[in-house]
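Taking it in order: structure first as structure tokens, then the write-up.
The values are calculated or read from the model by the stated rules, or taken from the named source; none is laboratory data. All values derive from a computational prediction rather than experimental measurement. Please note: Cβ atoms are built from the backbone with ideal geometry, for glycine as well, and neighbour counts cover all protein chains shown. The accessibility values were calculated without ligands, DNA or RNA, using every heavy atom of the protein model including side chains. Shrake-Rupley method; radii C 1.70, N 1.55, O 1.52, S 1.80 Å.
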Amino acid sequence: MSSILLIVESPTKAKTLSKYLGKEYKILSSFGHMFDLDTSKAMWGIDIKNNFNTFYSLLQDKKNQLENINKAAKEVDLILLASDPDREGEAISWHLS
């Protein structure tokens with residue numbers, strides 16, 4: 001059983017890293033963003049009248065991938081979020097956490 005789950009943004013990165021890392025790593029991709037601002041709850045997903053609270057919803061095409069990540073997370077000792085070192089990557093890791 002893998003003891004470390006490494007989550008990256010792209011499936012290509014996951015495939016490449018799996019060639020270099022040992023069998024103790026299970027490597028999955030988030031396929032980019034998992035959540036987006038929910039415009040059905042507030043304009044642009046932001047409630048400006050209530051301290052600028054934000055509303056997020058799961059992107060429907062990511063439901064299965066999130067289930068796969070959650071399942072894998074229950075089977076490991078450590079989870080590493082290895083997104084790109086930019087604001088978009090930070091947002092993806094924040095949503096996954």
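Can you say whether ILE69 is of a type in the set (A, V, I, L, M) and either within 22 Å of ILE4 (Cα to Cα) or at pLDDT below 85 (or both), as far as the supplied structure shows? If you could, list the steps in order and put the result at the bottom.
Working: of a type in the set (A, V, I, L, M): yes; either within 22 Å of ILE4 (Cα to Cα) or at pLDDT below 85 (or both): yes.
So ILE69 fits the description; yes.
Step by step: first the residues of region 1-38, then only those that are in a loop (DSSP other than H, G, I, E, B) and among the aliphatic types (A, V, I, L, M), then the one that is surrounded by the most Cβ atoms within 10 Å (Cβ to Cβ). Which residue is that? Step through it out loud before you land on a result.
At the first step, the residues of region 1-38 found to be in a loop (DSSP other than H, G, I, E, B) are 1-3, 9-10, 21-24, 30-34, 38.
So of that shortlist, the ones also among the aliphatic types (A, V, I, L, M) come out as 1, 21, 34.
Working: MET1: 8, LEU21: 13, MET34: 19.
Among them, the one singled out is MET34.
Look through ASN50, ASN64 and report the one residue that is under 19 Å from LEU81 (Cα atoms) and loosely packed, with under 13 Cβ neighbours inside 10 Å. Spell out the reasoning first.
On the way: ASN50 fails: under 19 Å from LEU81 (Cα atoms).
Within the list ASN50, ASN64, the selection yields ASN64.
Can GLU75 be described as touching a residue at least 12 places away in the same chain (Cβ under 8 Å), open to solvent by 70 Å² or more (accessible area, probe 1.4 Å) and not hydrophobic (A, V, I, L, M, F, W, C)? Before you say what the answer is, go through the steps one by one.
Values: touching a residue at least 12 places away in the same chain (Cβ under 8 Å): yes; open to solvent by 70 Å² or more (accessible area, probe 1.4 Å): yes; not hydrophobic (A, V, I, L, M, F, W, C): yes.
Answer is yes for this residue.
Of the residues MET34, MET43, only one is farther than 13 Å from ALA82 by Cα and touching a residue at least 24 places away in the same chain (Cβ under 8 Å); which?
Values: MET43 fails: touching a residue at least 24 places away in the same chain (Cβ under 8 Å).
Result of the check over MET34, MET43: MET34.
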